[in-house]
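Chemist: First, the structure itself, so that you have it in front of you.
The values are calculated or read from the model by the stated rules, or taken from the named source; none is laboratory data. These numbers come from a predicted model, not from an experiment. Note that each Cβ is placed from the backbone with ideal geometry, even for glycine, and that neighbours are counted across all protein chains shown. To get the accessible areas, we keep the full protein, side chains included, count just its heavy atoms, and leave off ligands, DNA and RNA. Shrake-Rupley method; radii C 1.70, N 1.55, O 1.52, S 1.80 Å.
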Amino acid sequence: MHDNRTTVTQFIIEEQRHIQGATGDFTSLLNDIVTACKVISNLVNHGALVGVLGSAGSENVQGETQKKLDVISNEIFLKSNEWAGHLAAMASEEMDEIYPIPNSYPRGKYLLTFDPLDGSSNIDVNVSVGTIFSILRCPGSGTHPTADAFLQPGVKQVAAGYALYGPSTMLVLTTGHGVNGFTLDQNIGEFILTHPNMTVPEETREFAINASNMRFWDKPVRRYVEECLEGKEGPRESDFNMRWIASMVAEVHRILTRGGIFMYPMDSKMRASGKEGKLRLMYEANPMGFIIEQAGGAATTGTQRIMEIAPKDLHQRVPVILGSKQEVVRVEQYYQEAGGDI
Ligand code: AHM
Ligand code: MG
C-alpha cells in the first residue's frame, strides 16, 4: 500500500542528483538536521511525562527566560550536527556566541543557524511549537569561523526549513527549488513527502498580528488592519478573519496551507527602547522569508525585502511582514504612501 511513499532522505538524495558536482555533504547535513527534529518532536510529544516542561531558570542573550525545552533542544541540535564534518560552526537563538565545531571533529564548508524551539511560551500550555533552521556556505576555508562569517544576507541561504510540532509533526524544506512538506510517520520514524510543491494561496482574507500592540503600530500597519476590520463595508469590500497563535512556525504553516498575512511589525514602543523589531533575522525572518518566497509569497520589513538585509549582528531583530504576495505588497505600498509620516 505504501510502496511509492517518498521519505525525506530519498527526496533529498534525488534532489542532489540534479546538482552537478554535489558530493553528498549537503544531503548528509540535512539528514542530521532531520534527526535532531525527530528527537525534539519526541520530547515535545512526551512533555510532562519526561519532565521537560517549565523554566530552566536562565536567560538567553535576548534577556528572555529560557524554558527547559529551549535548552535541551539547543543541545540536541548541537550534538546531532557537530560530529559529521559538514559544518564549520553553528549559531542559535539560545547561545550568545557562535559554536565553532570542536577540534575533535573535522570542520566542513557549511554554517547552520537555528531557533531550536520557536514559540516556546506555548510549550507549557500544549500549543504548537517548532524548530527553524537556515544553512549558509562558510566563506573562506572555514577553519577558524567567526561570527562575521554568518553575516550574509538571506539571499545567500543554501537551504532553510522548519519542523512543526503540532497535531502531527511536519518538516517543511526548501533548497531553492520550491517548498516541500513531509509528515512524520511515528510508526516507522520517517518523514514522508505529503505536501509536494507547497504554494501560498493568493486569494486570502486572513491576517495574523498581536493586536495588543495596536496603540504602538506604525500608521501603515494600522491602516491595513483597520481596512481589514471594516470588512464588506470597507475599502476591501470583504470580511476578514484573524488568527494569532504566538508561534511563528504554526502561523507560517497556516499561510503555506491556506494563505494570509503574518505581521510582527516595527512599532513606537520598540523604537523608544532602541529595539529593531521582535523577531530575529538570522534564524527566524530569513529562513521563513526564503520558504515563503519559494512558495510564491513575499517577506518584507515594510520598506525592504527581508532577504536583502545586510546583517550587522548575529542576533539582530527585524520587523516581519510575510505571506500572500498581494497583501504584503499592499502593506509595502501603504508604507510608501506614508513616506516618513509613520
Ligand atoms: P521566541 O523565539 O522567544 O519563542 O519568540 C518568537 C515568537 C514567535 O514565534 C511569535 O510569532 C512571537 O514570538 C509571539 O510574540 P508575542 O508573545 O509578542 O505575541
Ligand atoms: Mg524564536
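Chemist: Do we find a residue being within 22 Å of A246 (Cα to Cα), within 13 Å of the chain's Cα centre (by Cα) and either of a type in the set (V, I, T) or assigned by TED's automatic domain parsing to the domain that holds V249 (or both) anywhere in the stretch 301-309? Even if it seems obvious, please write down each step before you answer.
Modeler: Kept after step one, since they are within 22 Å of A246 (Cα to Cα), are these residues of the stretch 301-309: 301-302, 306.
From the residues that got through so far, the ones that are within 13 Å of the chain's Cα centre (by Cα) too are 306.
Subset that is either of a type in the set (V, I, T) or assigned by TED's automatic domain parsing to the domain that holds V249 (or both): 306.
Checking the stretch 301-309: at least one residue is within 22 Å of A246 (Cα to Cα), within 13 Å of the chain's Cα centre (by Cα) and either of a type in the set (V, I, T) or assigned by TED's automatic domain parsing to the domain that holds V249 (or both).
Chemist: Which is farther than 23 Å from G161 by Cβ, in a loop (DSSP other than H, G, I, E, B) and in contact (Cβ under 8 Å) with a residue 12 or more places away in the chain, of E237, E327, E276? I'd like the intermediate steps shown before the answer.
Modeler: On the way: E237 fails: in contact (Cβ under 8 Å) with a residue 12 or more places away in the chain; E327 fails: in a loop (DSSP other than H, G, I, E, B).
So the residue among E237, E327, E276 that is farther than 23 Å from G161 by Cβ, in a loop (DSSP other than H, G, I, E, B) and in contact (Cβ under 8 Å) with a residue 12 or more places away in the chain is E276.
Chemist: To continue, here is another question. Pick from the stretch 191-246 the residues that are within 16 Å of ligand 1 (Cβ to nearest atom) and touching a Lys or Arg at 6+ places or on another chain (Cβ under 6 Å): which of them is nearest to D32 (Cα to Cα)?
Modeler: Within the stretch 191-246, the match that is nearest to D32 (Cα to Cα) is A208.
Chemist: Separate question: Taking V129 and the conditions (1) without any contact (Cβ under 8 Å) to a residue 40 or more places away in the chain; (2) within 16 Å of ligand 1 (Cβ to nearest atom), which numbered condition does it fall short on, given that it satisfies the others?
Modeler: Just one mismatch for V129, condition (1).
Chemist: If a residue must be more than 13 Å from the chain's Cα centre (by Cα) and within 12 Å of ligand 1 (Cβ to nearest atom), how many such residues does the stretch 276-300 contain?
Modeler: Counting residues in the stretch 276-300 that are more than 13 Å from the chain's Cα centre (by Cα) and within 12 Å of ligand 1 (Cβ to nearest atom) gives 2.
Chemist: Report yes if some residue within the stretch 207-227 is modelled with pLDDT of 95 or more, within 16 Å of ligand 2 (Cβ to nearest atom) and in contact with an Asp or Glu (Cβ under 9 Å, 6 or more places away or on another chain); otherwise report no.
Modeler: Checked against the condition, which is being modelled with pLDDT of 95 or more, within 16 Å of ligand 2 (Cβ to nearest atom) and in contact with an Asp or Glu (Cβ under 9 Å, 6 or more places away or on another chain), the stretch 207-227 yields at least one hit.
Chemist: Let me ask you something else. Inspect all residues belonging to the stretch 110-122 and state whether any of them is more than 16 Å from ligand 2 (Cβ to nearest atom) and not in a strand (DSSP E or B).
Modeler: To start, the set of residues in the stretch 110-122 that are more than 16 Å from ligand 2 (Cβ to nearest atom) comprises 110-111.
Filter once more, keeping what is not in a strand (DSSP E or B): none.
Looking through the stretch 110-122, none of the residues is more than 16 Å from ligand 2 (Cβ to nearest atom) and not in a strand (DSSP E or B).
Every residue, every condition in (1) open to solvent by 10 Å² or more (accessible area, probe 1.4 Å); (2) in contact (Cβ under 8 Å) with a residue 40 or more places away in the chain, yes or no:
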| site | (1), (2) |
| --- | --- |
| L49 | yes, no |
| L53 | yes, yes |
| E59 | yes, no |
| K67 | yes, yes |
| S80 | yes, yes |
| A88 | no, yes |
| I98 | yes, yes |
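Chemist: Related question: Filtering the stretch 248-280 down to residues that are closer than 24 Å to T303 by Cα and among the hydroxyl-bearing types (S, T, Y), which residue is most open to solvent (accessible area, probe 1.4 Å)?
Modeler: Residue satisfying both the conditions and the ranking: S273.
Chemist: Are there any pairs, at least 6 apart or on different chains, whose C-beta atoms fall under 8 Å, with the first in the stretch 281-303 and open to solvent by less than 10 Å² (accessible area, probe 1.4 Å) and part of a helix (DSSP H, G or I) and the second within 16 Å of ligand 2 (Cβ to nearest atom) and of a type in the set (F, W, Y), and if so, which?
Modeler: What qualifies is Y283/F114; Y283/F133; P287/F133; P287/Y162; M288/Y162; I291/Y162.
Chemist: Which ones in the stretch 178-222 are under 19 Å from the mean Cα position of the chain (by Cα), open to solvent by less than 50 Å² (accessible area, probe 1.4 Å) and free of Cβ contacts under 8 Å to residues at least 40 places away in the same chain?
Modeler: T183, the sole residue that qualifies.
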